[in-house]
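**Student:** After the structure tokens below, expect a handful of questions from me.
The values are calculated or read from the model by the stated rules, or taken from the named source; none is laboratory data. In this text the structure is predicted, and so the values were computed from the model without any measurement. Here the Cβ positions follow ideal geometry from the backbone for every residue, glycine too, while neighbour counts run over all protein chains shown.
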Amino acid sequence: MGIVVQKYGGSSVSTIEKIQEIAERLIKRKENGDSMVVVVSAMGDTTDDLINLAHEISSSPDKRELDALLSTGEIISSSLLAMAIKEKGYESVSYTGYQLKIQTTDNHGKALIKDLDENRLKESLKEGKIVIVAGFQGIDSEGDITTLGRGGSDTTAVALACKIGASCEIYTDVDGIYSADPRKLKGALKLDSIHYEEMLELASLGAQVMHSRSIELASKYDIPIYVGLSTGDIRGTLIMNNMYMESKPITGIATSNEDIAITLKDINSNVNIISNLFNSIAEEKINIDMISQTSPVDDKVNISFTIPKDELEECMEIIKVYVNDTQITFDEDITKFSVVGIGMKTTSGVAARIFKLFSDNDIEVKMVTTSEIRITCAIKRSDELKAIKLVAKEFDISK
Ligand code: ADP
Ligand code: ASP
Ligand code: MG
């Protein structure tokens, strides 16, 4: 019997009835002898609703105030869950990020957890309480409230598990990790386990089932994460350092429609100018992903790259320092399509098979990037589902 950190996502705590069901589950587990720490997300679409409210006031709300506002979503669900447990006759207490001194960096909206004070939490566990923690939030060095980025409650849960040496279970609206988003591929296969490296890539490339930073953290502390359904007890997936003697070349597919491609035309091919531009973008912590560049003609090149859509405004301010409006074009009609698999390290020809498949099926590839265990292509939005189906079949990762 040990300490277990569990996390329940927004859809799992979206109504009072669901909160009461989770309270029952937690009490049962506690009765079985486990000490329970439970991280919750905001109820249902609360975070989206709060963001919309802020946008009714300002098109770019003050980041400090926005974090204060967004943190309330998780405070509501955590206190309601603690009340529901107490109502059933068991001891429980809820804590905010501030009360647990979850120290973060000061970049509002995408703060990183630096450390947290586990004393209060451990004290409450000793007193036999089920401890509920508001996910997704912390405080910076000024004591101001920060949030960790969308989906960040997973990272709160993993950080707590790492700090107190607990096991970690993430409960959501899907019964495990699949070879592709089951909402996009009906025949996706459920995986018994998946390696940290693969899950990290999939999560960073659009598989929203896990916050990518939670995987980085779990891998650093070598804590396995169990991902399963928040209702019932169907067996889920373990994210861990799994070692297979042989693996399929591809474990999973992820797609993302959250990026925009920017093309800068007729840029001076001087390496210093280009590197200054990209350095300035990096200094603002804007995440450039795919980059392609044409060969120089009369010392001019075209450069295309993708960034998250919600960072376009900030990125444009920087770009305009270097190039004229007339040189900039956008392409919003892109899906970032990625295949991921440790097996790719030892299997050659994966990219060739994908390009052949795409070319045989009239799927245009606009940009490509690769790493040792992934291949990402920018394709047209309208080709997303077709591409998932074709590649899953070709590499035997669908039913
Ligand atoms: P929560 O609110 O519990 O954090 P999320 O909505 O963030 O849940 O993540 C769960 C969703 O992730 C699922 O409903 C599923 O559609 C999606 N998803 C994307 N890729 C995958 C995948 N490879 N395996 C399982 N689910 C996936
Ligand atoms: N409520 C936050 C969000 O919607 C954090 C989370 O769900 O993990 O992004
Ligand atoms: Mg999530």
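**Student:** Quick check on my filter: what residues within the stretch 352-395 are modelled with pLDDT under 95, within 17 Å of Glu198 (Cβ to Cβ) and not β-branched (Val, Ile, Thr)?
**Tutor:** Within the stretch 352-395, Ser371, Glu372 qualify.
**Student:** Now for a separate question. From the set of residues in the stretch 196-243 that are under 17 Å from Val340 (Cβ atoms) and acidic (Asp, Glu), which is farthest from ligand 1 (Cβ to nearest atom)?
**Tutor:** Glu216
**Student:** Any idea which of Tyr196, Tyr171 is more than 28 Å from Ala387 (Cα to Cα), aromatic (Phe, Trp, Tyr) and surrounded by 20 or more Cβ atoms within 10 Å (Cβ to Cβ)?
**Tutor:** So the residue among Tyr196, Tyr171 that is more than 28 Å from Ala387 (Cα to Cα), aromatic (Phe, Trp, Tyr) and surrounded by 20 or more Cβ atoms within 10 Å (Cβ to Cβ) is Tyr171.
**Student:** A further question follows. Within the stretch 122-157, can you find the residues that are part of a helix (DSSP H, G or I) and of a type outside the set (Asp, Glu)?
**Tutor:** Correct list: Lys122, Ser124, Leu125, Lys126, Ser153, Thr155, Thr156, Ala157.
**Student:** I'm told Gly165 meets every condition in (1) surrounded by fewer than 19 Cβ atoms within 10 Å (Cβ to Cβ); (2) in contact with a strand residue (DSSP E or B) (Cβ under 8 Å, 6 or more places away or on another chain); (3) at negative phi except one. Can you identify the failing condition by its number?
**Tutor:** Going through the list (1) surrounded by fewer than 19 Cβ atoms within 10 Å (Cβ to Cβ); (2) in contact with a strand residue (DSSP E or B) (Cβ under 8 Å, 6 or more places away or on another chain); (3) at negative phi, Gly165 breaks only (3).
**Student:** Out of (1) of a type in the set (Asp, Glu); (2) within 26 Å of Ser12 (Cβ to Cβ); (3) over 22 Å from the mean Cα position of the chain (by Cα), what's the single condition that is false for Glu201?
**Tutor:** (3) is the only condition that Glu201 fails.
**Student:** Can you give me the number of residues within the stretch 310-334 that are surrounded by 14 or more Cβ atoms within 10 Å (Cβ to Cβ), of a type outside the set (A, V, I, L, M, F, W, C) and within 30 Å of the chain's Cα centre (by Cα)?
**Tutor:** 4
**Student:** Now, a different point. Residue under question is Ser269, and the condition is that it be small (Gly, Ala, Ser) and loosely packed, with under 13 Cβ neighbours inside 10 Å; does it hold?
**Tutor:** No; evaluated as a whole, the condition is false for this residue.
**Student:** If a residue has to be hydrophobic (A, V, I, L, M, F, W, C) and without any contact (Cβ under 8 Å) to a residue 24 or more places away in the chain to count, how many in the stretch 274-290 make the cut?
**Tutor:** Matching residues across the stretch 274-290 total 3.
**Student:** Right, next: Report yes if some residue within the stretch 285-295 is surrounded by fewer than 17 Cβ atoms within 10 Å (Cβ to Cβ) and of a type in the set (Asp, Glu); otherwise report no.
**Tutor:** No, every residue in the stretch 285-295 fails to be surrounded by fewer than 17 Cβ atoms within 10 Å (Cβ to Cβ) and of a type in the set (Asp, Glu).
**Student:** Out of everything in the stretch 140-159 that is away from ligand 1 (no atom under 16 Å from the Cβ) and crowded, with 22+ Cβ neighbours inside 10 Å, what residue ends up being nearest to Asp192 (Cα to Cα)?
**Tutor:** Thr146
**Student:** Anything in the stretch 171-189 that is of a type outside the set (Asp, Glu) and more than 8 Å from ligand 1 (Cβ to nearest atom)? List them, or say none.
**Tutor:** Across the stretch 171-189, the qualifying residues are Leu185, Lys186, Gly187, Leu189.
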